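K.L.:
Let me give you the structure first, and then I'll get to my questions.
The values are calculated or read from the model by the stated rules, or taken from the named source; none is laboratory data. Remember, predicted model here, so these are calculated numbers, not experimental data. In this analysis, Cβ positions are derived from the backbone assuming ideal geometry, glycine residues included, and neighbour counts consider all displayed protein chains. Protein only, heavy atoms only, side chains kept; ligands, DNA and RNA dropped before computing areas. Shrake-Rupley method; radii C 1.70, N 1.55, O 1.52, S 1.80 Å.
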Amino acid sequence: MLEGIKIVELATWVAGPSAAAVMADWGANVIKVEGSGGDPVRGLFAEVPEIAGNPVFEFENRGKRSIVLNVSKPEGRAALLRLLADADIFVTNLRPGSLKRARLDFDSIHGELPRLIYCSVSGYGLEGDAVDLPAFDIAALWTRSGMAGAVIPEGIEPFPCRPGMGDSICALAVIASGLAALTERARTGKGRLVETSLMRTGIYAMGWDMSIQLKTGQLNTARQRKDALAPTSNYFRTADDRWFCVLPRAADDWKAVLTAADQAHLIDDPRFATRQSRTDNGRALVEALDAGFSKLTLAEVAARLTASDAIWAPLQKPADIARDPYAHAAGCFVEVEDASGERFLAPASPARFPGADDGPKRPAPLLGQHTREILREAGYPDEQIETLLETGIAVQK
């Protein structure tokens, strides 16, 4: 889909690299620009001998080529601009202050490269007092955005989101906005600045809660299971110690939940006659459902809820997902090959294009693996490439 599109990535860790990796899956030519130490994610699992390779780096960087440049030096900056001269999209999550000092911020290069789409990925955006603060998704997207505060019930100690989870959400915003700007450029011939941030993405992701908060000035807080506002829209545990969720969607669906739990005799109980009375007597209703579902296996619950056309799902861990037939049928996994030639399954990109080659095109690159190749493509003669290598401006490893 993106064949012929060139993307240059000057980014580390997760959100920016993940966005570029998806676009590489979709056919874009992605060049990863790194410093001499490389993206810090390269170091993950280095001291974990029982894990061969680095599945996280492979996930975020498959399909790319790597060049090492010291962009803080004039010659390194000039080389980066040569790479950007025919690029379509520039993705960076370096801190705005660092980019400005290196004269690699949007204002510094837009006049020279007016067609370039400049995708800035940051913690808190490009305006205000937080513009240059460091950020990971656990801080900016999960904690400060209000997401953790909306998710974690009162009385429960705070806990972090899973590693990289929020970054992957932000990566989707980077992809969508970058490709939207590319569509605009096809009409106008002009590039633009595209700004995404972890905090803004987090607030959008919890848009239901925030829209209510902003409109009314108040919001129902998250509650523990037995205090749920909708007691039948909840989690329950089976006889074989499996948790599942069920979510009634129509006015009378709660009756199907009671029936599935062998508690149909409670349908006519006056304590549960209305939505408000079910909330007021929620603990009693949850306890009755707990008693019913605790006598059934997950397989029995699954058959009953599926037959009633209820929305439900088993609570699964990653080990369960790896063998879930629904996940495999949905194309959630793809076979990849790393630089050592080992093949294994990895998460697929978030969309499928039936009939198209929408998967990984090459392994994640070794650090500086393609430096000479990329410099030649940028028009550097061999003798100048060797000078850049000898002076440490560029590195081939």
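K.L.:
Mind listing whichever residues of region 3-34 are in a loop (DSSP other than H, G, I, E, B) and either under 14 Å from ARG65 (Cα atoms) or in contact (Cβ under 8 Å) with a residue 60 or more places away in the chain (or both)?
P.N.:
Scanning region 3-34 gives ILE5, ALA11, THR12, TRP13, VAL14, TRP26, GLY27, ALA28.
K.L.:
Moving to a separate point now. Is there a residue in region 129-151 that is among the polar types (S, T, N, Q), under 22 Å from LYS32 (Cβ atoms), free of Cβ contacts under 8 Å to residues at least 24 places away in the same chain and open to solvent by 20 Å² or more (accessible area, probe 1.4 Å)?
P.N.:
Scanning region 129-151, I find no residue that is among the polar types (S, T, N, Q), under 22 Å from LYS32 (Cβ atoms), free of Cβ contacts under 8 Å to residues at least 24 places away in the same chain and open to solvent by 20 Å² or more (accessible area, probe 1.4 Å), so the answer is no.
K.L.:
If you scan region 21-32, which residues turn out to be more than 12 Å from the chain's Cα centre (by Cα) and under 17 Å from CYS170 (Cβ atoms)?
P.N.:
MET23
K.L.:
Then there is this: Residue under question is ASP132, and the condition is that it be in a loop (DSSP other than H, G, I, E, B) and closer than 25 Å to GLY164 by Cα; does it hold?
P.N.:
For ASP132, the condition - in a loop (DSSP other than H, G, I, E, B) and closer than 25 Å to GLY164 by Cα - is met.
K.L.:
Could you list, in sequence order, all residues of region 309-359 that are in contact with a Leu (Cβ under 8 Å, 6 or more places away or on another chain) and in a helix (DSSP H, G or I)?
P.N.:
The answer is none; no residue qualifies.
K.L.:
Would you confirm whether or not region 159-177 contains a residue that is in contact with a Phe, Trp or Tyr (Cβ under 7 Å, 6 or more places away or on another chain), assigned to a loop (DSSP other than H, G, I, E, B) and under 30 Å from ASP86 (Cα atoms)?
P.N.:
No, region 159-177 contains no residue that is in contact with a Phe, Trp or Tyr (Cβ under 7 Å, 6 or more places away or on another chain), assigned to a loop (DSSP other than H, G, I, E, B) and under 30 Å from ASP86 (Cα atoms).
K.L.:
Scan THR259, THR306, THR238, THR274 and give me the residue that is closer than 30 Å to LEU345 by Cβ, among the hydroxyl-bearing types (Ser, Thr, Tyr) and out of contact with any Leu (no Cβ under 7 Å at 6 or more places or on another chain).
P.N.:
That would be THR306, the only listed residue that is closer than 30 Å to LEU345 by Cβ, among the hydroxyl-bearing types (Ser, Thr, Tyr) and out of contact with any Leu (no Cβ under 7 Å at 6 or more places or on another chain).
K.L.:
Collect the residues in region 273-288 that are loosely packed, with under 12 Cβ neighbours inside 10 Å and among the β-branched types (Val, Ile, Thr), keeping them in residue-number order.
P.N.:
If the condition is that a residue be loosely packed, with under 12 Cβ neighbours inside 10 Å and among the β-branched types (Val, Ile, Thr), then THR274 is the only one that fits.
K.L.:
What is the residue count in region 97-116 for residues that are under 14 Å from LEU10 (Cβ atoms) and either among the small types (Gly, Ala, Ser) or within 28 Å of the chain's Cα centre (by Cα) (or both)?
P.N.:
Residues in region 97-116 being under 14 Å from LEU10 (Cβ atoms) and either among the small types (Gly, Ala, Ser) or within 28 Å of the chain's Cα centre (by Cα) (or both): 9 in total.
K.L.:
I want to confirm something. Restricting to region 257-272 and keeping residues that are more than 13 Å from ARG304 (Cβ to Cβ) and in contact with a helix residue (DSSP H, G or I) (Cβ under 8 Å, 6 or more places away or on another chain), which single residue is least open to solvent (accessible area, probe 1.4 Å)?
P.N.:
PHE272
K.L.:
Here are the criteria: (1) of a type in the set (D, E, K, R); (2) under 16 Å from GLU195 (Cα atoms); (3) open to solvent by 70 Å² or more (accessible area, probe 1.4 Å). Tell me which single one ASP105 does not satisfy.
P.N.:
The one condition ASP105 does not meet is (3).
K.L.:
Mind telling me which of the residues ALA319, ALA291, ALA348 ends up being surrounded by fewer than 16 Cβ atoms within 10 Å (Cβ to Cβ) and within 24 Å of the chain's Cα centre (by Cα)?
P.N.:
None of the others qualify; the one that does is ALA319.
K.L.:
Exactly one of these conditions fails for GLU60: (1) in contact with a Pro (Cβ under 7 Å, 6 or more places away or on another chain); (2) in a strand (DSSP E or B). Give me its number.
P.N.:
(2)
K.L.:
Based on what the data block shows, is ALA330 out of contact with any Pro (no Cβ under 7 Å at 6 or more places or on another chain), within 30 Å of ASP269 (Cα to Cα) and either charged (D, E, K, R) or at pLDDT 95 or above (or both)?
P.N.:
For ALA330, the condition - out of contact with any Pro (no Cβ under 7 Å at 6 or more places or on another chain), within 30 Å of ASP269 (Cα to Cα) and either charged (D, E, K, R) or at pLDDT 95 or above (or both) - is not met.
K.L.:
Being on the phi > 0 side of the Ramachandran plot and out of contact with any His (no Cβ under 9 Å at 6 or more places or on another chain) is true for just one of GLY379, GLY359. Which residue is that?
P.N.:
None of the other options fit; the residue is GLY379.
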